[in-house]
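One structure is given below, encoded as structure tokens.
The values are calculated or read from the model by the stated rules, or taken from the named source; none is laboratory data. These numbers come from a predicted model, not from an experiment. Cβ: placed from backbone, ideal geometry, glycine included. Neighbour counts: every protein chain shown.
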Amino acid sequence: MQNIYQFLKELKAYWVANDIPNVTETNAKFLRDLVKIKWAKNLLELGMANWYSTINFAIEIAKNWGKITTIEFSPDSIAKAKANFEATWFDKIIDIRCGNALDILPILEEKYDFIFIDAMKKRYKDFFILTWDKLESGWIMILDDVIKFKHKMESFYEYLEETWIRYNILPIDEDDWVIMIVKD
Ligand SMILES: C[S@@+](CC[C@H](N)C(=O)[O-])C[C@H]1O[C@@H](n2cnc3c(N)ncnc32)[C@H](O)[C@@H]1O
């Protein structure tokens, strides 16, 4: 296996050329840093696509002896992801759940210390409601693309206001703004 960061750069270049909506490199670094400084060990991701974010998380989660559960409903992405996870040895710590997150979330029984939401934008309110109780107190939820696609998630913003859940919107870079919620 070549250097993991070189591997990521090549993957990213391919996906940019093919218009696949991964997190940006700046955002990927931000997410890795959060996992690192919090020593997160049990991460839940909604929306793996071509696994760029997942591999970024895995780099740090592996150092923390942790694991990742990621949910994705595209069989094509999952097939390619499996091959690449094996190449990086991250398959040992990544549990891929194939299907609609709206169906899978209710049957997950664990609690997580880091939740990353990057699936269908118009379902953010539903994803949030289905994951909030699964987040440990004092830990972090990040929701991606919250400005670019704000028009698709008005109900989610309204829900946060109604429930008095405090959040920060972080301009990670011009293309990728996130909401960060640290659970009380
Ligand atoms: C923006 S892409 C994820 C990008 C990935 N996080 C990255 O940065 O490399 C969104 C992905 O979420 C998946 N998705 C959308 N809604 C979903 C749902 N309800 N259940 C499972 N996967 C979903 C799509 O198939 C797509 O691959």
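I'm trying to understand the selection: among the residues of segment 71-107, which are within 26 Å of Lys134 (Cα to Cα) and of a type in the set (Phe, Trp, Tyr)?
Those that are within 26 Å of Lys134 (Cα to Cα) and of a type in the set (Phe, Trp, Tyr): Phe73, Phe85, Phe90.
If you take the residues in segment 98-118 that are crowded, with 20+ Cβ neighbours inside 10 Å and in contact (Cβ under 8 Å) with a residue 60 or more places away in the chain, which one is farthest from the ligand (Cβ to nearest atom)?
Within segment 98-118, the subset crowded, with 20+ Cβ neighbours inside 10 Å is 101, 112-118.
Now drop any that are not in contact (Cβ under 8 Å) with a residue 60 or more places away in the chain, which leaves 112-118.
Working: Tyr112: 16, Asp113: 18, Phe114: 14, Ile115: 13, Phe116: 7, Ile117: 9, Asp118: 4 Å.
Within segment 98-118, the match that is farthest from the ligand (Cβ to nearest atom) is Asp113.
So, Arg123, is that one modelled with pLDDT of 95 or more, within 13 Å of the ligand (Cβ to nearest atom), over 17 Å from Tyr5 (Cα atoms) and assigned to a strand (DSSP E or B) or not?
no
Yes or no: Thr70 within 13 Å of the ligand (Cβ to nearest atom), touching a residue at least 60 places away in the same chain (Cβ under 8 Å) and either in a strand (DSSP E or B) or under 22 Å from Val35 (Cα atoms) (or both)?
No.
I'm trying to understand the selection: among the residues of segment 119-168, which are more than 16 Å from the chain's Cα centre (by Cα) and crowded, with 20+ Cβ neighbours inside 10 Å?
Residues satisfying the conditions are Met153, Phe156.
In segment 164-178, what residues are assigned to a loop (DSSP other than H, G, I, E, B), farther than 12 Å from Ile142 by Cα and not β-branched (Val, Ile, Thr)?
Selection gives Trp164, Arg166, Glu174, Asp175.
Select from segment 85-97 the residues that are surrounded by 17 or more Cβ atoms within 10 Å (Cβ to Cβ) and free of Cβ contacts under 8 Å to residues at least 40 places away in the same chain and write down the one among them that is nearest to the ligand (Cβ to nearest atom).
Filtering segment 85-97 for residues that are surrounded by 17 or more Cβ atoms within 10 Å (Cβ to Cβ) and free of Cβ contacts under 8 Å to residues at least 40 places away in the same chain, the one nearest to the ligand (Cβ to nearest atom) comes out as Arg97.
How many of the residues making up segment 1-59 are within 14 Å of the ligand (Cβ to nearest atom), among the charged types (D, E, K, R), surrounded by fewer than 17 Cβ atoms within 10 Å (Cβ to Cβ) and not in a helix (DSSP H, G or I)?
1
Say whether the condition of being over 23 Å from Phe73 (Cα atoms), touching a residue at least 60 places away in the same chain (Cβ under 8 Å) and not small (Gly, Ala, Ser) is met by at least one residue in segment 126-149. Working first, answer last.
First, pick out the residues of segment 126-149 that are over 23 Å from Phe73 (Cα atoms): 136-140, 147.
Imposing the further condition that a residue be touching a residue at least 60 places away in the same chain (Cβ under 8 Å) reduces the set to 139-140.
Now narrow it down to the ones that are not small (Gly, Ala, Ser): 139-140.
The answer is yes; a qualifying residue exists.
Kindly evaluate Trp39 against the criterion of being within 16 Å of Asp91 (Cα to Cα), in contact (Cβ under 8 Å) with a residue 24 or more places away in the chain and of a type in the set (Phe, Trp, Tyr).
So Trp39 fails the test.
For Asp91, are the conditions met, namely being closer than 24 Å to Met141 by Cα, over 15 Å from the mean Cα position of the chain (by Cα), modelled with pLDDT of 95 or more and part of a helix (DSSP H, G or I)? First the steps, then the outcome.
Values: closer than 24 Å to Met141 by Cα: yes; over 15 Å from the mean Cα position of the chain (by Cα): yes; modelled with pLDDT of 95 or more: no; part of a helix (DSSP H, G or I): yes.
Answer is no for this residue.
Looking at (1) under 19 Å from Asn56 (Cα atoms); (2) more than 15 Å from the chain's Cα centre (by Cα), which is the one condition that is false for Leu102?
For Leu102, the exception is condition (1).
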